[in-house]
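Student: First the structure, then my questions, so here it is.
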Amino acid sequence: MEARLHRSLRWKTTADFEADAFFLEKGDWFVFVYLKNPNRDWDQLAADIFKSFKRGELRGIGGARKLKDKSVPLPPVGKDGAKVPEAVWVYEGGLQFRLETKDVLNPGFFLDQECNRLKLGELIGEHQQIGKPIAGSKKMLNLFSFTGAFSVVASCMGVETTSVDVSARYLEWEKRNQGQNAEIKKGQWGAVYPTVKLMRDDAREYVRKALKR
């Protein structure tokens, strides 16, 4: 029961909204809401969530309103008017990932990829135990890397990574994720953390150029 309580998850789905609850590094929570109803009052919805959230201390609520033609960010709301930090750190499997709370359509971490992140770690671990290199190499290429969560998992298991994304903002975001987890893992390999390459490029174009090389 304890493990289930301390695990990020899709907390609630209704006709008006979907809400993800992120378990943070200090044992509290952050909720991000995808609001589908264009007429639902945001401040009132946030107040209702603070009242109904029972999993633990809720540090803040962020969100985005999904309109017909586009989505727009919603201002983060703190309990009783408290200021919400611009960034918090979600905890998963002993690692931490940066969430941004302000002016974002997504906080930067896809909960629906949890099983795949865990599976990647398992596959790397299995190959390391039997002494075989991974796919002929001890390196991993992460295309359309977003904020680099998969690369962080691989890096923290000693694999050199190359992340490719067209967004400079997301690559900088991964740089912060990698730095945070390098501190967490310091001592596991001494002072050595695997090489992390961040490449700003269209992933498809990157592959075409790599094949030519």
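Student: For a quick check: with amide H placed at 1.01 Å from N, whose amide H comes under 5 Å from K197's, ignoring anything fewer than 5 positions away on the same chain?
Tutor: Excluding prolines and chain starts, which carry no amide H, the hits are T161, T162, S163.
Student: Name all residues of region 51-80 having a backbone nitrogen under 19 Å from the label point set 7 Å from the Cα of F144 along its Cα→Cβ direction, giving them as ranges.
Tutor: Those under the cut-off are 71.
Student: What order, most packed first, do the peptides 113-119, 172-178 have when packing is the mean number of other Cβ atoms within 10 Å of each residue? Please list the in-between numbers first.
Tutor: Values: 113-119: 13.7, 172-178: 19.9.
The densest-packed peptide leads the list: 172-178, 113-119.
Student: Treating only the Cβ atoms of Lys and Arg (+1) and Asp and Glu (-1) as charged, compute the dipole magnitude of the chain about its Cα centre; round to the nearest 20 debye.
Tutor: Numbers: 36 positive and 28 negative charges, 110 e Å.
Around 520 debye, computed over the chain.
Student: How much length is gained on full extension from V192 to L105, taking 0.36 nm per residue of separation minus their Cα-Cα distance? Before the final figure, lay out each step's value.
Tutor: Details: separation 87, 0.36 × 87 = 31.32 nm, distance 3.52 nm.
Length difference between fully extended and current span is 27.8 nm.
Student: Between their Cα atoms, which of K68/K119; K26/K186; K79/K197; K12/K70; K51/K185 are more than 28 Å away from each other?
Tutor: Over 28 Å apart, Cα to Cα: K68/K119; K79/K197; K51/K185.
Student: Next question. Using modelled backbone amide H atoms (1.01 Å from N, in-plane), which distant-in-sequence or interchain residues come within less than 5 Å of K12's amide H?
Tutor: The list, which skips near neighbours in sequence, is A19.
Student: Moving to a separate point now. If you take every DSSP beta bridge fully contained in the chain, what fraction is antiparallel? Give it as a percent rounded to 5. Please list the in-between numbers first.
Tutor: Numbers: 24 of 42 bridges.
Roughly 55 percent of the beta bridges in the chain run antiparallel, per DSSP.
Student: May I have the convex hull volume per residue, in Å³, for the Cα set of the chain? Provide the component values of the computation, followed by the final result.
Tutor: Numbers: hull volume 30.8 nm³, N = 213.
Normalising the Cα hull of the chain by residue number yields 145 Å³.
Student: Also: Hey, what angle do you get for helix 203-212 against the long axis of the chain, alpha-carbon based, 0 to 90 degrees rounded to 10?
Tutor: 10
Student: Averaged per residue, what accessible surface does the chain expose to a 1.4 Å probe, in Å²?
Tutor: Working: 12110 Å² over 213 residues.
On a per-residue basis, the chain sits at 57 Å².
The values are calculated or read from the model by the stated rules, or taken from the named source; none is laboratory data. Here the structure is a predicted model, which means the values were calculated and not measured. Note that each Cβ is placed from the backbone with ideal geometry, even for glycine, and that neighbours are counted across all protein chains shown. Remember, those area values only see protein heavy atoms, side chains included, never the ligands or the DNA or RNA. Shrake-Rupley method; radii C 1.70, N 1.55, O 1.52, S 1.80 Å.
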